[in-house]
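Just so you know, all these numbers are worked out from the coordinates, no wet-lab data involved. What you see is a predicted model, and the numbers here were worked out from it, not measured in a lab. Heads up, the Cβs are rebuilt from the backbone with ideal geometry, glycines too, and the neighbour counts pull from every protein chain shown.
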Amino acid sequence: MKKILIIGLVALFMGQFANSQHAQPSASFEKVIHNFGEIKEDKGLVNYAFQFTNTGGQPLVIHHVQASCGCTTPKWTKQPIPPGGKGEVEVTFNPRNRPGNFNKTITVSSNAQNKTTILRVTGKVLPREKTMEDIYPRVMGNIRLESSHLSFTKMGPNQTKEEQLKIINSSQQAVKIGFTNVPKHVTIKSVPETLKPGEAGALIATYNASLKNDWGFVIDNIFLMLNDQKDYKNRLTLSASIEENFDAWTAEMKAKAPILSMNEKVFDFGEIKQGDKVEHTFKVKNDGKSNLIIRKVKASCGCTAIKPQKTILSPGESTEILAVFNSAGKSGRQNKSVTIITNDPKSTSVLLRISGKVKVQ
């Protein structure tokens, strides 16, 4: 008799539990993945509406819908959906500037028993045909360039490297291309020198790092002359990162290398009045087995002066680098940096940070 009573109570409890579960709202989607297939980039937005039914026993409310990226914009049924009612989550995908396969998620949050549902849209964007403006986005007078920046990336101190930029004459007249403000470590030419209307060509530049005789990230500005006319708006920036290459060093050479160590790499001067100067000394030591050479010390702006006491440190020797921050004309939070270039294979470039707040009286 007791056993029958227990079974009855368990059955009653399970029934009540099932009813309570059924009484909750429930979002049942017809499908959670939609494949747009192949779509053309230049055909504009595509849409799909995910349909769902409230299969629970209470009104369903969609609280929020969040897409995984800005290229996917969702809309959804905002009003409460009664039991047995239907709703939708509409997804709009923008294929512009997104060629190739895509796989985006949309997270649906609600008061349903299944509080979160992940929807997904997939497909492949077929790229549009590129225009002249796409290929040559930079404009200088009557010519267009693929970029106004020519990067030689990483270079050794004795290396010479050649790079080029594509250009085109976008006008109805011939354009002769020349250059001014060309430094001695750079040679540059236009091929061809004179571009016919609509003709494409290239700017070919050669960078000689040994003639530059500098270290770290360096920048030069060259100006284009079009039909022998100077215009300082037609600026071409050249950059390179001149560093030593230690890849060929043997284990024995590395064991005898200099080692840069510092007491600190960050200094916060707190709060100062505008116009005040702050000085701080960074200490540098050579913990290696050969001479440490401080090749260059460079501040991120002219308001920070730096002065190393010595540039060659014997093993075990130390020196100081004095940094002076001038707050004239500055206000608010300040974040400046000092870069140290050395011959330590593991620390060729070390970044020091100087920060604080400048208060205007």
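Structural remarks
- Counting only alpha carbon atoms, the long axis of helix 2-23 and the longest principal axis of the chain meet at about 60°.
- Listed residue pairs exceeding 32 Å between alpha carbons, taken from 130/154; 40/233; 307/346; 212/307; 230/330: 40/233; 230/330
- Net length available on complete extension from residue 118 to residue 133 is 1.5 nm, with 0.36 nm assigned per residue and the Cα-Cα distance removed.
- The stretch 23-37 versus the stretch 57-133: alpha-carbon centroid distance in Å: 11 Å
- Nearest-0.05 FRET efficiency for residue 331 and residue 75, computed from C-beta distance (R0 45 Å): 0.50
- Overall dimensions of the stretch 137-191, expressed as equivalent-ellipsoid semi-axes from the Cα gyration tensor (√(5λ), whole Å, largest first), are 26, 13, 9.
- Cα centre as origin, Lys/Arg/Asp/Glu Cβ charges: the chain dipole, Debye: 740 debye
- Dividing the summed helix terms, -39500 (n - 2.57) for each DSSP H run of n ≥ 4, by the number of residues in the chain produces a 222 nm estimate of -2500 deg cm²/dmol to the nearest 500.
- Values (1) 20.8, 65; (2) 33.0, 111; (3) 19.6, 68 are given for comparison; Rg and Dmax of the Cα atoms in Å, derived from the coordinates here, is the one labelled (2).
- The separation of the stretch 135-184 from the stretch 290-345, counted between C-alpha centres, amounts to 34 Å.
- Full-extension gain in nm, residue 359 to residue 184, via 0.36 nm per residue minus C-alpha separation: 58.6 nm
- Relative compactness, the stretch 251-359, computed as alpha-carbon Rg over 2.2 N^0.38 Å: 1.18
- Extension gain, residue 225 to residue 253, is 5.2 nm, computed as 0.36 nm per intervening residue step minus the present C-alpha separation.
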